[in-house]
Every structure is written in structure tokens, then in C-alpha cells.
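Down below is the structure, laid out as C-alpha cells.
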Amino acid sequence: MAPLRSIAGKFVHAAFTVQSGHHHATLHKALPASTSETASIHSLSEMCRLFRATPENNLYLAASQFGRGVFVNESVPRGDVILSIPISSCFRDDEPPDWFARFTEDDDVTDYERYDPSAWAIRLAASLIDMELDGDAKTEDVKRGRELWKSLLPDKDMLRASLPVHWSEELLLGTKCTALEVAVDNAFFSRGNAVMAISDKLGQFLNDRERFDEEELKQKCHDALDMVQTRACRVERTCEDGIQWGPPLRVLAPIFDFINHASAKTTGKFTANAEFGIEGETMGDINDAKLVVRALKDLTGGEEVLIDYGDSARPAWKCLNSYGFVPINDPKSDIVEDGFVENVAELWMNGLRFEVDPHSIPFDLVEVAGAQTMLEGTENDSNEEPLSPLVVKAIAKRSSEAALHMLLVSDLSDGEDTPEYRHSATLSALLRKSQYQVLDAFTENLKSIIF
């Protein structure tokens, strides 16, 4: 078990931090594709050549503990480049297709829209749809590279099944995560507006071509938005001195988007070994820049490349909502940054909801538990600190009950027995397991205070 942190703030104890009431770039791990591993190895090298990415022959796709991932053929020293791909070979949110811009009332994208998730996601999704319409790919090599990249993407139905925004209410409730339910409710309406925005402009462009009926058109928009949601990343436009000279750029970078997530904030088995950023940009000009992945430590041949997707990948429910997978976290691993929270679980006490992690106790939870002990006639001496043994026991008891509740779930029955439904149900169960692990570690650490 990881060493427990000392408590910061007013109440000092050897095990937990009593918190006050307050509690980077984003990406996704793709689902396994149907392409064979051997074909994937050759395809990745070919994509590097077509997209002018370097090095050309040191990366390959293979099965990993996360499903499928990017591995290095030969060792890479710490600080060296693992992958460098020109921004010009990527899909960019500031370069929507002509048909999208043509039917936009204001061709100039405002700074607000640069930061608004719906606006930039819509522009990137329009670019993906344009690719299917044989739109402009800048060069023949990039066009061929995108076709090859597309052949390695996850099955659209399985990708759809991985995102809670498409789940039934029963599947969603099965996660036993209120925060996810609220996030999905918000995402549902945002997604509807985004689909309408793209389908209206695309419908005007297609006009009498009748390439898609209305429902098929909407499904194409959903598929494109699913891809953007799970594979795009955000990069900052900054000078060498770190000063931001423009709004962030969102890109969908082939090859790079196959790299899996692992935390850079913890130690142990599942940790990031690489980082990424934009290099070669100049003030006001990012066209000649490159998206570069560098090793955070020495990588050996055959090792998988792992990067931290950032705040959108933690806690686990947010990662599932954003990217369609539940991250592998060890709640007993060490945290390399004081006060950092990798994962949380919700804990209800006396009708109030709290978020807890293995190494800290919300201050409000201490107050509620203290009030409960008073109501039960077991109140502490007035001079005793709020985080007394009685309060700790009350919280530990409730946490243990909540952990058990995560294991007790009725069989899901509203879906067909399909691979897609089973995949959704598995993810729902994995999130419950993730919360159980947090609550279990939280309870054990509480018990270590009083025993």
C-alpha cells in the first residue's frame, strides 16, 4: 500500500489530508481494429512515410494490456524523439472544409469559439466527413495516408458503444456514478446541437445529390463527432518563453492518436513514459510546426509508448465519458505530486454526496460524520479534534457499506445480446470496479488511523 500523506491544514493527523471545500492535452485509446498485427506493423511505417513523420521505422502497432497500442522497435533514450509529425499532415480545427465555411454566416472564427468544445469539435468533425466525401487532402501522400489510417480505426458501432452519451438509462445507472450521469445529460444536448449544426451545412452542400437520407446523414455526423471526441488533442500556441500568442489548436493527428494513456502523476506499473507538445512554431505561425512525442525515460525495444491524456482522463468516470474507456489505476500507488488526486469515488452520507480518494478526507465529510456521532449520542469531548476515532469509525463504516454496494448490482436486461451491448455493459462494470477499489483503499487507510 502507498504511504499515507500527512494532513495539511487545521487538523493534523498521520494518515490523511483534510481538504477544504475546493477540490493539459487530451486524447484517446482506440479499440482494437480487425486488421492483423503484421499488417498493422507495416501500415504504421507506411503512414509515417506518407505523413512525413519521423522516425519512419521505429514504431509499430500491437496488442497491449490496453487493447492495442504503439510500441518502439528499438530503444529510445530519455528526451529523444519517439514521433514527430507535421501539423500540416493533421486535421486542424482552424481549417474546416470549404463547404462548411461556405455555409457559415461568419467565416471568422471568434476566440470564444476557439475555446468552446462544441464549436471546435464541429469543425474537426466536418473535416472527417469531408475526407469521406473525397475532399481536399492537400497532397496525394496525405490522402493515401488518411485512407490507410482510416482502415486501422475502430469499428464505428463498437466505438459508439464505448461512449456513455449513447448508452441506455439502465446502463448508465448501472455505473452507480452520479457525476457521470450529470455529465452525460449535459453532453446529450450538446451532441444534439452539434449534429444539427453539421448536418444542416452538409445538407446544403449535398443539395440534390441525395447521397444520404436524413437519418443516415445524422449518423455520419455522430460517427465523426465520436472520432473527434476520442482522438483529438489540444495543443497550446506558445513562444519559446512560454507566452501564449494565440488560442489553443485542436488537432487530430494520425499515428499519434493510436498512443495509449497512462498517468504521469503516479509511480508504479501503469505510468506514462512519454510526453508531447508542439515544436518549431513561430509567433503567429504554426504551419511549419510539428507535433512531437519525446521519451520521459529510457525506453527499451518492444516497450509500449504511453502518454498522459491530461485532466480529461481523470477521475475514471470523466475518462470514460470523454474517451470511452476506464483507465487502469492502482489506488495503492504513490502520488508524485502532493495534493494530486488520480481517481475518486462518490460516498453518500446522511443524504449528502462527497467525492473521496484513498489519501484524503473532504472536510465537509468530517463535519457531517461528527454531527452524526453527536445525534447518536456518542459525541466527542468538546476539546477533541473533529477527526476523532469515533468520526473516523463512522466514515469507515459508511465507506465500507458503499464499497459493498458497488459489488451488488442487478443483471442488466434492456439490451440485446450483441457485442456492442456487452462492451457497454463491461465498461459500466469496470467503472463500478474502479470506484470499489477507491472506496476499499479509502476504508483501509481510515482503519489504519485507529488500529
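The values are calculated or read from the model by the stated rules, or taken from the named source; none is laboratory data. Since we're looking at a predicted model, the values are computed, not measured. Cβ: placed from backbone, ideal geometry, glycine included. Neighbour counts: every protein chain shown. Ligands, DNA and RNA are excluded from the accessible area calculation, which covers all protein heavy atoms including side chains. Shrake-Rupley method; radii C 1.70, N 1.55, O 1.52, S 1.80 Å.
Could you tell me which residue of segment 271-326 is nearest to Leu225 (Cα to Cα), considering only residues that are part of a loop (DSSP other than H, G, I, E, B) and acidic (Asp, Glu)? Step through it out loud before you land on a result.
At the first step, the residues of segment 271-326 found to be part of a loop (DSSP other than H, G, I, E, B) are 272-273, 280-281, 283-284, 286-289, 296-298, 300-303, 305, 308-310, 314-315, 324-326.
If we keep only those that are acidic (Asp, Glu) too, we end up with 281, 288, 298, 303, 308.
On the way: Glu281: 28, Asp288: 27, Asp298: 36, Glu303: 31, Asp308: 22 Å.
In this case the residue turns out to be Asp308.
Does Tyr309 meet the test of being in contact with a Cys (Cβ under 8 Å, 6 or more places away or on another chain) and more than 25 Å from Ala396 (Cα to Cα)? So that I can check it myself, show each step before the final result.
Working: in contact with a Cys (Cβ under 8 Å, 6 or more places away or on another chain): yes; more than 25 Å from Ala396 (Cα to Cα): yes.
Taking the combined requirement at face value, the residue satisfies it.
Suppose the filter is under 22 Å from the mean Cα position of the chain (by Cα), more than 28 Å from Phe188 (Cβ to Cβ) and modelled with pLDDT of 90 or more; does Val356 pass it? Steps first, please.
Working: under 22 Å from the mean Cα position of the chain (by Cα): yes; more than 28 Å from Phe188 (Cβ to Cβ): no; modelled with pLDDT of 90 or more: yes.
Answer is no for this residue.
Do we find that Ser64 is within 20 Å of Asn260 (Cβ to Cβ), surrounded by fewer than 20 Cβ atoms within 10 Å (Cβ to Cβ), in contact with a strand residue (DSSP E or B) (Cβ under 8 Å, 6 or more places away or on another chain) and modelled with pLDDT under 95 in this structure? Lay out the reasoning, then the answer.
Values: within 20 Å of Asn260 (Cβ to Cβ): yes; surrounded by fewer than 20 Cβ atoms within 10 Å (Cβ to Cβ): yes; in contact with a strand residue (DSSP E or B) (Cβ under 8 Å, 6 or more places away or on another chain): yes; modelled with pLDDT under 95: yes.
Here the answer is yes, as Ser64 does meet what is asked.
Within segment 340-369, track down each residue that is touching a strand residue (DSSP E or B) at 6+ places or on another chain (Cβ under 7 Å) and open to solvent by 30 Å² or more (accessible area, probe 1.4 Å).
Quick first cut of segment 340-369, residues touching a strand residue (DSSP E or B) at 6+ places or on another chain (Cβ under 7 Å) only: 341-347, 353-356, 359-366, 368-369.
Within segment 340-369, Val341, Arg353, Glu355, Phe363, Asp364 qualify.
Restricting attention to segment 35-43, does a residue exist that is among the acidic types (Asp, Glu) and modelled with pLDDT of 50 or more? Reasoning before the result, please.
Initial filter on segment 35-43 (among the acidic types (Asp, Glu)): 37.
Checking the rest, the ones that are also modelled with pLDDT of 50 or more come to none.
Scanning segment 35-43 turns up no residue that is among the acidic types (Asp, Glu) and modelled with pLDDT of 50 or more.
Got at least one residue in segment 93-110 being modelled with pLDDT under 70, among the aliphatic types (A, V, I, L, M) and open to solvent by 10 Å² or more (accessible area, probe 1.4 Å)? Break it down into steps so the answer makes sense when it comes.
Residues of segment 93-110 that are modelled with pLDDT under 70, as a first pass: 103-110.
Checking which are among the aliphatic types (A, V, I, L, M) leaves us with 109.
Remaining after also requiring open to solvent by 10 Å² or more (accessible area, probe 1.4 Å): 109.
For segment 93-110, residues modelled with pLDDT under 70, among the aliphatic types (A, V, I, L, M) and open to solvent by 10 Å² or more (accessible area, probe 1.4 Å): present.
What is the residue count in segment 411-451 for residues that are modelled with pLDDT of 90 or more, open to solvent by 30 Å² or more (accessible area, probe 1.4 Å) and among the polar types (S, T, N, Q)?
3
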